[in-house]
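Worksheet for the structure shown next.
The values are calculated or read from the model by the stated rules, or taken from the named source; none is laboratory data. Just so we're clear, the structure is a prediction, and the values are computed from it rather than from any experiment. Because the Cβ atoms are built from the backbone with ideal geometry, glycine has one as well, and the counts that use them run over all protein chains shown. For accessibility, only protein heavy atoms count, side chains too; no ligands or nucleic acids. Shrake-Rupley method; radii C 1.70, N 1.55, O 1.52, S 1.80 Å.
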Amino acid sequence: MNRAYIRFKYACDFVIALVAVTVLSPLLLCVAIAIKTEDGGKIIFAQRRTGVGGKKFNCYKFRSMKNTEVLFDKSKPVIKDNNPNLTKVGKIIRKFKIDELPQLFNVIKGDMCIIGPRPLLPVYDSDYADWEIVKFEVRPGITGLGQVYGNGYLSIKDRKYYDVYYTMHASPWMDIKIAFKTIAVIIFGEKRFLRRVTDMEYRRLKLQVYRHYTIQPETLQELRPTALYR
């Protein structure tokens with residue numbers, strides 16, 4: 001893990017997020033008006049996610065659903081475009097990933113960064129193998145490897161692999177590639193870039209983490225309060 005680069009990247013992301021919010025403010029305002037006009041409901045949807053160090057934070061999104069108080073099913077985590085609970089505006093902003101833009105404020109607050117492991121719901125915390133907890137050593141991102149290699153078409157196992165891989169190999173070159181691929185995904189769709197993880201890749205990364213990294217005690221305590229790192 002390149003900690004020096006990650007610290008530098010946090011500083012850059014703060015500046016980028018400030019500039020992006022300023023430049024995109026007309027778009028943000030138009031989306032907010034469209035959401036409010038359609039059904040009069042809330043504009044922003046805040047959802048608890050697990051972030052750096054295993055700490056919980058409110059992840060912001062533009063509301064894209066009629067009812068946000070729905071039961072979550074871990075076996076079906078991805079909301080399809082034809083889901084009847086999606087609003088008309090919601091279908092559009094989800095297609096072009098515009099619903100994620102309020103997370104720029106999460107970046108400014110220090111909860112997230114632009115590119116990093118994608119934060120999942122706390123319900124997944126107990127599903128992580130010990131070595132996979134390394135993803136919580138860095139701030140979660142608005143986009144990341146999993147988002148440009150299939151995202152909703154990937155299994156949770158594959159998405160966690162990409163999160164850990166990014167954490168262990170983050171670099172300027174990797175971030176540049178992810179940034180450009182994110183644009184391509186928005187234009188051409190996630191399925192076109194689907195890349196599943198092989199068992200060999202999974203075993204190799206697991207071995208690399210065990211050999212070269214020790215999870216910080218604070219992170220482990222937050223996610224495994226009654227267990228010891230093996």
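Overview of results
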| item | result |
| --- | --- |
| Local net charge near Val134, Cβ-Cβ under 11 Å (Lys/Arg +1, Asp/Glu -1) | -1 |
| Mean Kyte hydropathy of 1.0 or more with a Cα span along the axis of at least 27 Å, helices from DSSP in the chain | 3-39 |
| Solvent-accessible area of Phe57 with every protein chain in place, 1.4 Å probe, in Å² to the nearest 10 | 10 |
| Average accessible area per residue (Å²) across the chain - probe 1.4 Å, nucleic acids and ligands excluded | 54 |
| Solvent-accessible area of Asp81 with every protein chain in place, 1.4 Å probe, in Å² to the nearest 10 | 110 |
| List Cys30, Cys59, ordered by accessible area with a 1.4 Å probe, largest first | Cys30, Cys59 |
| Helix-only mean residue ellipticity at 222 nm for the chain, each DSSP H run of n ≥ 4 adding -39500 (n - 2.57), per residue, nearest 500 | -15000 deg cm²/dmol |
| Accessible surface of the chain, 1.4 Å probe, proportion on carbon and sulfur as whole % | 61 |
| Separation of alpha-carbon centers, region 171-215 and region 79-150, rounded to whole Å | 15 |
| Accessible area in the full protein assembly, largest first, 1.4 Å probe, for Ile6, Ile108 | Ile108, Ile6 |
| Long pairs among Lys9/Lys36; Lys9/Lys91; Lys56/Lys88; Lys42/Lys109; Lys55/Lys88; Lys9/Lys66, criterion Cα-Cα beyond 28 Å | Lys9/Lys36; Lys9/Lys91; Lys56/Lys88; Lys55/Lys88; Lys9/Lys66 |
